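Bear in mind these aren't lab numbers, they're just calculated from the coordinates by the rules spelled out. All values reported here derive from a predicted model rather than from experimental measurement. Every residue, glycine as well, gets a Cβ built from its backbone with ideal geometry; the counts of neighbours run over all protein chains shown.
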Amino acid sequence: MPAARRRAGPNTRVSLMPTPSGKQKPIPLQVLEKAKDFPLPDGMDAKANGNQIVRVELAANAPAGEALLRVEGDNNTQSELPLEITKAKLIRDTDPNNDLETPQPVGPLPARILGTIAKPQDCDCFRVELTKGQKLRVQVIGRRKGSLLDPILTIQQPDGSLWKTAGPPPKAEDLVVITTAPQTGPVCLVVRDAFDSGGPMHAYELRVVLVP
């Protein structure tokens, strides 16, 4: 978890604030290890963007839903990062899944996939099975949770035929594509960065659901 432009020290405190916060008090989280630096890609400025990781343990009584992760440093500064808490099963993207010949199977739907465009010119491919006429909703979540990914989502047939593509959304919005299957069979969902960038800060969550 990046400490969002704040230098974390030995007395760093991390807590969870449910949203909307109202009168609810922050839920303290246990810091499992001290903050440590990690390199940023593309020559980015660590002081401007933050380059520290703090590993924490989520409290057992943390409610599901949208929340803010609050990080307070030694100098009494604080940052808040948007976070979603869910008990749904999450799938991690697994290599090799970098082309249409080796897509990662996903199913049954709905599915939630945690992935990272780990290096420049990387892409992640996932295969789902659809029936003709089924309406598919695919959401790429990243920017509003601090990711540097500028996502492009391409929906293709296994033979490479293009079905649908969508580029990066404006500002910090999620990329959402809703489309209807023209035929029965597998389709591939391909996630990549619009500028062919990649690295540990290019993480995303892919949500794939069928719309009634």
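Numbers at a glance
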item	result
Karplus-derived HN-Hα couplings along region 77-84 (A = 6.51, B = -1.76, C = 1.60, θ = phi - 60°), whole Hz, x at Gly and Pro	8, 8, 10, 10, 10, x, 8, 10
Under Karplus coefficients 6.51, -1.76 and 1.60, residue-wise ³J(HN,Hα) of region 101-107 in Hz, glycine/proline x	7, 10, x, 7, x, 10, x
For Phe195, residues with placed amide H under 5 Å, excluding near neighbours	Asp150
For region 155-196, the fraction of alpha-carbon pairs in successive 5 Å shells from zero, as %	5, 17, 28, 23, 14, 8, 3, 0
Contact order relative to length of region 91-211, as percent, for alpha carbon pairs under 8 angstrom and 6 or more apart	40 percent
Peptides 131-144, 193-206 ordered by average Cβ neighbours within 10 Å, highest first	193-206, 131-144
From the C-alpha gyration tensor of region 55-212, square roots of 5λ in Å	30, 18, 14
Other-chain or far-sequence residues with amide H under 5 Å of Leu29's (modelled H)	Val14, Ser15, Leu16
Val187, Val208 arranged by Cβ crowding within 10 Å, fewest neighbours leading	Val208, Val187
For region 116-123, Karplus couplings with θ = phi - 60° (6.51, -1.76, 1.60), whole Hz, Gly/Pro x	9, 7, 6, 8, x, 6, 7, 8
Ranked Phe126, Phe38, criterion: other C-beta atoms within 10 Å, fewest first	Phe38, Phe126
